[in-house]
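Visitor: Supplied in structure tokens, the structure appears directly below.
The values are calculated or read from the model by the stated rules, or taken from the named source; none is laboratory data. The structure displayed is predicted, hence computed values, not measured ones. Cβ placement follows ideal geometry from the backbone for every residue including glycine, while neighbour counts extend to all protein chains displayed. The area values use the complete protein model at the heavy-atom level, side chains included, leaving out ligands, DNA and RNA. Shrake-Rupley method; radii C 1.70, N 1.55, O 1.52, S 1.80 Å.
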Amino acid sequence: MKNRQYKSESKKLLDMMINSIYTNKEIFLREIISNASDAIDKLYFRSLTDSSVGLKKKDFKIRISIDKENRTISVSDNGCGMTEEELDKNLGVIAKSGSLDFKSENEPKRDVSVIGQFGVGFYSAFMVSDKVTVISKAFGSDSAFCFESSGPDGYTITPAERDGFGTTVIMHVKADTENENYSEFLEQYKISGLIKQYSDYIHHPIVMSFTEKKAVEGKDGEFEDITEDRVLNSMVPLWKKAKSQVKPEQYNEFYKEKFFDFEDPLHVIHTSTEGTATFKALLFIPRHAPFDYYTKDFEKGLALYSRGVLITEKCADLLPDYFSFIKGLVDSEDISLNISRETLQQDAELKLIARTIEKKIKSELEKMLKNEREKYEQFFSVFGVQLKYGAYDKYGANKDALKDLLLFVSSFEKRPVTLKEYVSRMDKNQEAIYYACGETADKIAMLPQCETVSSKGYEILYLTDNVDEFTIKVLNEYDGKKFVNVCDQNLDLDTEEEKAALSEKNKDNEEMLKAAKEAIGEAVHSVRFTNKLKNHPVCLNTEGDISLEMERTLNSMPGSDGKIKAQIVLEINENHEIANKLSSLYKSDKDTFNKYSKLLFDEACLISGRDIKDPAAHSALVCELMTK
Ligand code: ADP
């Protein structure tokens, strides 16, 4: 008998199970039962088109038996079973473990969460057992096989006997320890309680035999042992129950089990629709993004059931990309059980369901925003980027649907506000919605241009996500008000006289400003005076469509060659002492004028959070002027 080795990640997971970092040991039963139920689903599905299966829906069941003497719990199903290869492939490796990252072995807390993201699965049996035996016969095969393992040291697979196809998982329950009473799992009441708690909705009967002493009829004082099978689960899927019948804990348990999360969901949407589309849906907004959410490996989708039977675990067409964070399932009477994955995409019914679901999610989010602001902000801090991306994506095709769900940090409130809130309190003289971009709200608040706009009493939206400015550009306006970057040259806060005066000043000094541009070189597109600055001597601005933030974002995207260039303008505060100094130097000392111009450009770069091109040259120049 060959001892086979577990794949390394599986071994680590097993180690964790055995050493029980995962404290909630009792969930082992729901994991084993849910595997049995999945296996039955697979065969039932097949029985719809393959008469050789020879079983009707009512014939499928999961049987639990307890053997106190030998300390075993067995879970037996008449599902699809596994071949020798499948036993090896499915139980010797955790299928989904490829990307498991166990670097954090010294951080037990995080490890639990990692496991949680994958579902603990078959290996959870090792939390309560010191040996697990699996006897399985695959449908269509003549021979059965026995997988047996006592832990990370490996496992064996040997020929075995089994009546009929299906799988029996026999868990050899650990001996009790000082802290753990494993023996309670050998009690019928405990097991039936666990099934009620965790597996009630499983839509195949979970049966257990109960033996009770009963009075023999007609014979006074005589008792006999009567054994009968009892179905332990109600088999009504949670989503088919009335909302009023479901407790919040039940939703939470269901969510965590089904979607492998270690945290309760942030929000539950349980809905039943009749009419044009008839379906029930149970949807969840997670509290945190899945570890792969912002990678290309992430697959969105909802599980799709037809009359309680699973058709596909992930139907991507049921969710728009911008709601891809939603987990959940849809159960429809209108979708045929025999529908194939290919025809599913074309299905008109499915499209109708998808549209209805999208509307429902949107209205739930709107309701949350209105009535549970804190919760919404929590949601937005995790998935807001996805909504903003959704508004921007497809050239803004969905911007109208999403614009009222977006939040941006406000200079007034120092916390996220909606565009509606912004517009509702705009000054009557204010024509545009002002925004500014940067790494953090604090850094943005220090921009000279923000000072100018704020001093007029106007609110500014601080955009800190890479996608923000793209979203704003696509939105273009809200409620008829244009979005204007406070750094935009067209920022129009001046009276006609002020404008005329500034324009004249720039014209009068045209030659000098040109000379300054020449001194600075390629890095700058032009140099001009501004009346917008209060205390700062200089600032950077741009001309054209590309702002400084966009230049940074576009150049940091994978595959970019860093060639995107904003047209940078150096603006000099016309009321600052430095403006006069420049004018006099321009007349008296061209060489120093050139040096000052360069220095001022570097200053402006620093103020706006950009690197200076040549720090060594800058420093040399400063020293030279200091020692003059
Ligand atoms: P998961 O169920 O999340 O895929 P598990 O570790 O629980 O992970 O199970 C691994 C695989 O073993 C399953 O995907 C399934 O293919 C197979 N398996 C487990 N239990 C059974 C069973 N009772 N009948 C048939 N196949 C099973």
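Visitor: From the backbone phi of the stretch 256-269, what are the Karplus-calculated ³J(HN,Hα) couplings (6.51 cos²θ - 1.76 cosθ + 1.60, θ = phi - 60°) in whole Hz, Gly and Pro given as x?
Guide: Once θ is set to phi - 60°, the couplings for the stretch 256-269 become 5, 6, 6, 10, 6, 10, 9, 10, 4, x, 6, 8, 10, 10 Hz.
Visitor: Follow-up question, since we're still on this one. Shape verdict for the stretch 3-231, please, from the Cα gyration tensor: rounded (a/c under 1.5), prolate (a/b greater than b/c) or oblate.
Guide: Working: a/c = 1.94, a/b = 1.29, b/c = 1.50.
Oblate, because a/c is 1.5 or more while a/b does not exceed b/c.
Visitor: Same structure, new question: Rank-order 432-440, 411-419, 454-462 by packing density, defined as the average count of other C-beta atoms within 10 Å over each peptide's residues, highest first. List each step's numbers first, then the result.
Guide: Working: 432-440: 20.9, 411-419: 16.7, 454-462: 18.4.
Descending mean neighbour count gives 432-440, 454-462, 411-419.
Visitor: How about residue 241: which aspartates and glutamates have a C-alpha closer than 17 Å to its C-alpha, ignoring those fewer than 8 places off in the same chain?
Guide: Within the straight-line limit of under 17 Å, residue 241 reaches these aspartates and glutamates: 200, 249, 253, 274, 331, 333.
Visitor: Then there's this: Residues with amide H under 5 Å of residue 129's amide H, sequence separation 5 or more or different chain, H placed in the peptide plane at 1.01 Å from N; which?
Guide: Amide H neighbours of residue 129, under 5 Å, 5+ apart: 174.
Visitor: Between the stretch 24-66 and the stretch 602-628, what is the C-alpha centre distance in whole Å?
Guide: 73 Å
Visitor: If you don't mind, there's one more thing I want to ask. Towards the positive end of the charge dipole of the chain, with charges on Cβ (+1 Lys, Arg; -1 Asp, Glu), say which of 248, 382, 353 has the farthest Cα.
Guide: The one lying farthest along the dipole's positive direction is 353.
Visitor: Once you charge only the Cβ atoms, +1 for Lys and Arg and -1 for Asp and Glu, what is the size of the charge dipole of the stretch 490-584 about its Cα centre, to the nearest 20 debye?
Guide: Charge dipole, the stretch 490-584, about its Cα centre: 340 debye, nearest 20.
Visitor: Here's something else I'd like to know. Is the shape of the stretch 238-371 rounded, prolate or oblate, going by the alpha carbon gyration tensor and its root eigenvalues a ≥ b ≥ c, with a/c under 1.5 for rounded and a/b larger than b/c for prolate?
Guide: On the way: a/c = 1.43, a/b = 1.21, b/c = 1.19.
Rounded is the answer for the stretch 238-371, as its axis ratio a/c remains below 1.5.
Visitor: With a ≥ b ≥ c taken as the square roots of the eigenvalues of the C-alpha gyration tensor of the stretch 494-628, please select rounded if a/c is under 1.5 and otherwise prolate if a/b is larger than b/c or oblate if it is not?
Guide: Values: a/c = 2.04, a/b = 1.20, b/c = 1.70.
Oblate.
Visitor: Give the residues of the stretch 565-602 whose amide nitrogen is closer than 11 Å to a point set 7 Å from the Cα of residue 511 in the direction of its Cβ.
Guide: 587
Visitor: Cα to Cα, under 13 Å, and not fewer than 8 places away if on the same chain: which aspartates and glutamates meet these conditions relative to residue 482?
Guide: Hits, sequence-local ones excluded: 431, 492.
Visitor: Near residue 61, which lysines are there with a Cα under 18 Å away, not counting those fewer than 8 places off in the same chain?
Guide: Correct list for residue 61: 42, 137, 196.
Visitor: Structure shown: which of 327/473; 514/565; 394/420; 327/428 lie over 32 Å apart, alpha-carbon to alpha-carbon? Mind showing how you got there, number by number?
Guide: Details: 327/473 30 Å; 514/565 20 Å; 394/420 23 Å; 327/428 44 Å.
Checking Cα-Cα distances, 327/428 exceed 32 Å.
Visitor: Taking R0 as 51 Å, what FRET efficiency do you get between residue 242 and residue 589 from their Cβ-Cβ distance, rounded to the nearest 0.05?
Guide: Numbers: r = 86 Å, r/R0 = 1.70.
For residue 242 and residue 589, the calculated efficiency is 0.05.
Visitor: How would you order 496-507, 55-66 from highest to lowest mean count of nearby Cβ atoms within 10 Å? Walk me through the numbers before you get to the answer.
Guide: On the way: 496-507: 12.1, 55-66: 16.6.
Averaged packing, sorted descending, gives the order 55-66, 496-507.
Visitor: To continue, here is another question. Name the long-range amide H neighbours of residue 311: under 5 Å, sequence gap of 5 or more, or other chain; modelled H, no Pro or chain starts.
Guide: 304, 305, 306
Visitor: Whose amide H sits under 5 Å from the amide H of residue 435, counting only residues 5 or more places off or on another chain, with H placed in the peptide plane?
Guide: Excluding prolines and chain starts, which carry no amide H, the hits are 461, 484, 485, 486.
Visitor: Cross-link list 57/300; 456/505; 367/403; 174/314: which exceed 26 angstrom alpha carbon to alpha carbon? Present the calculation step by step, with values, prior to reporting the outcome.
Guide: Details: 57/300 31 Å; 456/505 23 Å; 367/403 15 Å; 174/314 37 Å.
Those over the limit are 57/300; 174/314.
Visitor: Express in whole angstrom the spacing between the alpha-carbon centres of the stretch 173-195 and the stretch 391-415.
Guide: Each part reduced to its Cα centre gives a spacing of 53 Å.
Visitor: Find how much the distance from residue 360 to residue 143 grows on full extension, using 0.36 nm per residue of separation minus their present alpha carbon separation; answer in nm with one decimal. Let's see the in-between values first.
Guide: Working: separation 217, 0.36 × 217 = 78.12 nm, distance 5.02 nm.
That pair, residue 360 and residue 143, stretches by 73.1 nm at full extension.
Visitor: Another question about this same structure. Any idea what the relative contact order of the chain is, in percent, if you count C-alpha pairs under 8 Å spaced at least 6 apart?
Guide: Details: 1017 pairs, mean separation 48.1, N = 628.
Relative contact order for the chain comes out at 8 percent.
Visitor: Work out how much length residue 443 to residue 8 would gain on full extension: take 0.36 nm times their residue separation and subtract the Cα-Cα distance, in nm to one decimal.
Guide: Details: separation 435, 0.36 × 435 = 156.60 nm, distance 4.65 nm.
Gain on stretching residue 443 to residue 8: 152.0 nm.
Visitor: Here's another thing I want to ask about it. Where the accessible area of the stretch 238-371 is counted over protein heavy atoms with a 1.4 Å probe, how much of it, in %, is carbon and sulfur? Write out the running numbers ahead of the final one.
Guide: Working: 2990 of 6320 Å².
Roughly 47 percent, rounded to a whole number.
Visitor: Would you kindly derive the ³J(HN,Hα) couplings of the stretch 229-242 from the backbone phi angles with the Karplus curve 6.51 cos²θ - 1.76 cosθ + 1.60 (θ = phi - 60°), listing them in order in whole Hz, with x for Gly and Pro?
Guide: Each residue of the stretch 229-242 in turn: 7, 10, 8, 8, 10, 6, 6, 7, x, 3, 6, 8, 7, 6 Hz.
Visitor: Right, next: For the stretch 40-56, in order, what is each residue's ³J(HN,Hα) by Karplus, 6.51 cos²θ - 1.76 cosθ + 1.60 with θ = phi - 60°, in whole Hz (x at glycine and Pro)?
Guide: 5, 3, 4, 6, 4, 4, 5, 4, 5, 10, 10, 6, 5, 4, x, 10, 9
Visitor: Let me ask another. Which listed residue (570, 554, 622) has the Cα farthest towards the positive end of the charge dipole for the stretch 529-622, taking +1 on Lys and Arg C-beta and -1 on Asp and Glu C-beta about the Cα centre?
Guide: 622
Visitor: Which one, 144, 13, 72, is farthest towards the positive end of the dipole of the stretch 3-231 when Lys and Arg carry +1 and Asp and Glu -1 on their Cβ?
Guide: 13
Visitor: Further, regarding this structure: Per-residue counts of other Cβ atoms within 10 Å, averaged by peptide: what ranking do you get for 46-52, 551-557, 242-248, 601-607, highest first?
Guide: On the way: 46-52: 11.6, 551-557: 14.9, 242-248: 10.0, 601-607: 20.6.
Highest to lowest by the protection proxy: 601-607, 551-557, 46-52, 242-248.
Visitor: Hey, what number do you get for the chain at 222 nm if only DSSP H runs of n ≥ 4 count, each worth -39500 (n - 2.57), divided across all residues, to the nearest 500?
Guide: On the way: 19 runs with 224 residues, N = 628.
Value at 222 nm, helices only: -11000 deg cm²/dmol.
Visitor: Also: Work out, step by step, the length gained on full extension between residue 291 and residue 503: first 0.36 nm times the residue separation, then minus their alpha carbon distance; give nm to one decimal. Numbers along the way, then the final one.
Guide: Numbers: separation 212, 0.36 × 212 = 76.32 nm, distance 5.40 nm.
Difference between extended and current length: 70.9 nm.
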